[in-house]
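Here the structure comes first, spelled out in structure tokens, and everything after it is commentary.
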Amino acid sequence: MRLITAALLVLSIAGCASTPLDIREQAARLGLEARVENTGALPVQTLQPPQVDGPLLRVYLEGDGRAWITPRAPSDDPTPTQSLVLDLLATDATPAAYLARPCQFVRGSGCRTWLWTDGRYSDPVVEATNRALDALKARLGIEHFELVGHSGGATIALLLAQRRADVVAVQTLAGNLAPGEWTRLKALSPLRGSLDPSAVPGRLVGLPQRHLLGAADRVIPAAVADVYLQRVAPRCAERLVVAGADHQHGYAAAWQQLSRQPLPCTLRSRH
């Protein structure tokens, strides 16, 4: 079978919307501070609460955004045109922050198209996000993170959890949990230079995690999550299928309920 570019799938995620989100409007809507974390050549746009009372912060990680404008032409601006995680954050009563992907909403000297196409899960992307978490931790005086990622943001969440002892839980929605399996199942060209969290489980084996899958998701099949769970074999994990949900929509009611429920294992830091 002939391989096709991952742009086709990214375009299906983006839908018909074409206007990038305005981060200032989102900050006002959510009552959070828009702040760019200077992580070097790849800055990270964040939305942060003014303070956090307690040691744990939930952080929502953005998806892949508008990586392509046509199946053959990558976008020159990966800023998302819609955001599931921002909509879910708006209903969240727990202390929470938002991290965009590097080069979304803000540009740095290292921003180039490879970082939101084939390299969307590459080491430079993960490390820039890692440094943004460091800045959040220092500024807000917190001790632990719970990461929530949608689509490619789920991939980044798991890659961060492999590296950080202060990530005590991960929740994902329509997550690309095994990118290599995703490209294989969808007959896509490989994401050369990107990392795959299912390849080296590490800390993920003992990490409490919950994965929400859309019953009508045609972008990332449930089989991708199944391969991740088989390879990693986490001791504390839930796999839940949300009826009527596709890749971008239909998770709000389930999230309002599940986001308040404990994960399969007690959230404990690992030092």
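Per-structure values
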item: Matching residues, segment 42-63, being assigned to a loop (DSSP other than H, G, I, E, B) and either more than 26 Å from LEU115 (Cβ to Cβ) or of a type in the set (Lys, Arg) (or both); result: PRO49, PRO50, GLN51, VAL52, ASP53, GLY54, PRO55
item: Search result, residues across segment 21-37 that are open to solvent by 80 Å² or more (accessible area, probe 1.4 Å) and in contact (Cβ under 8 Å) with a residue 40 or more places away in the chain; result: ARG29
item: Number of positions in segment 224-267 that are in contact with a His (Cβ under 9 Å, 6 or more places away or on another chain) and at pLDDT below 95; result: 1
item: Selected residue (only one of THR155, THR94, THR117 is among the hydroxyl-bearing types (Ser, Thr, Tyr) and closer than 18 Å to TRP68 by Cα); result: THR117
item: Candidate set: segment 115-133, residues that are of a type in the set (A, V, I, L, M) and within 24 Å of PRO50 (Cα to Cα); chosen: the one surrounded by the fewest Cβ atoms within 10 Å (Cβ to Cβ); result: ALA128
item: Failed item, numbered, when VAL10 is tested on (1) more than 16 Å from LEU136 (Cα to Cα); (2) at pLDDT 95 or above; (3) of a type outside the set (D, E, K, R); (4) crowded, with 23+ Cβ neighbours inside 10 Å; result: (2)
item: Per-region count, segment 246-262, residues part of a helix (DSSP H, G or I), of a type in the set (Gly, Ala, Ser) and either open to solvent by less than 50 Å² (accessible area, probe 1.4 Å) or closer than 12 Å to THR94 by Cβ (or both); result: 1
item: Some residue of segment 181-189 being in contact with a Ser or Thr (Cβ under 6 Å, 6 or more places away or on another chain), at pLDDT below 95 and closer than 25 Å to GLY65 by Cα; result: yes
item: Those residues of segment 84-97 which are out of contact with any helix residue (DSSP H, G or I) (no Cβ under 6 Å at 6 or more places or on another chain) and among the hydroxyl-bearing types (Ser, Thr, Tyr), in sequence order; result: THR94
item: Conditions (1) closer than 28 Å to PRO80 by Cα; (2) of a type in the set (Lys, Arg); (3) in a helix (DSSP H, G or I): number failed by ARG239; result: (3)
item: In segment 193-211, residue nearest to THR117 (Cα to Cα) [restricted to those that are of a type outside the set (Gly, Ala, Ser) and touching a Gly at 6+ places or on another chain (Cβ under 8 Å)]; result: ASP196
item: Qualifying residue in segment 99-107 (condition: surrounded by fewer than 24 Cβ atoms within 10 Å (Cβ to Cβ) and in contact (Cβ under 8 Å) with a residue 12 or more places away in the chain); result: yes
item: Boolean, ALA97 is in a strand (DSSP E or B) and among the small types (Gly, Ala, Ser); result: yes
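Yes or no, residue by residue, for (1) surrounded by fewer than 19 Cβ atoms within 10 Å (Cβ to Cβ); (2) charged (D, E, K, R); (3) closer than 17 Å to GLY152 by Cα:
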| residue | (1), (2), (3) |
| --- | --- |
| PRO49 | yes, no, no |
| LEU57 | no, no, no |
| ASP64 | no, yes, yes |
| THR70 | yes, no, no |
| PRO74 | no, no, yes |
| THR81 | yes, no, yes |
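The values are calculated or read from the model by the stated rules, or taken from the named source; none is laboratory data. All values reported here derive from a predicted model rather than from experimental measurement. As a convention, Cβ positions derive from the backbone with ideal geometry for all residues, glycine included, and neighbour counts pool all protein chains shown. Accessible surface areas use protein heavy atoms only, side chains included; no ligands, DNA or RNA. Shrake-Rupley method; radii C 1.70, N 1.55, O 1.52, S 1.80 Å.
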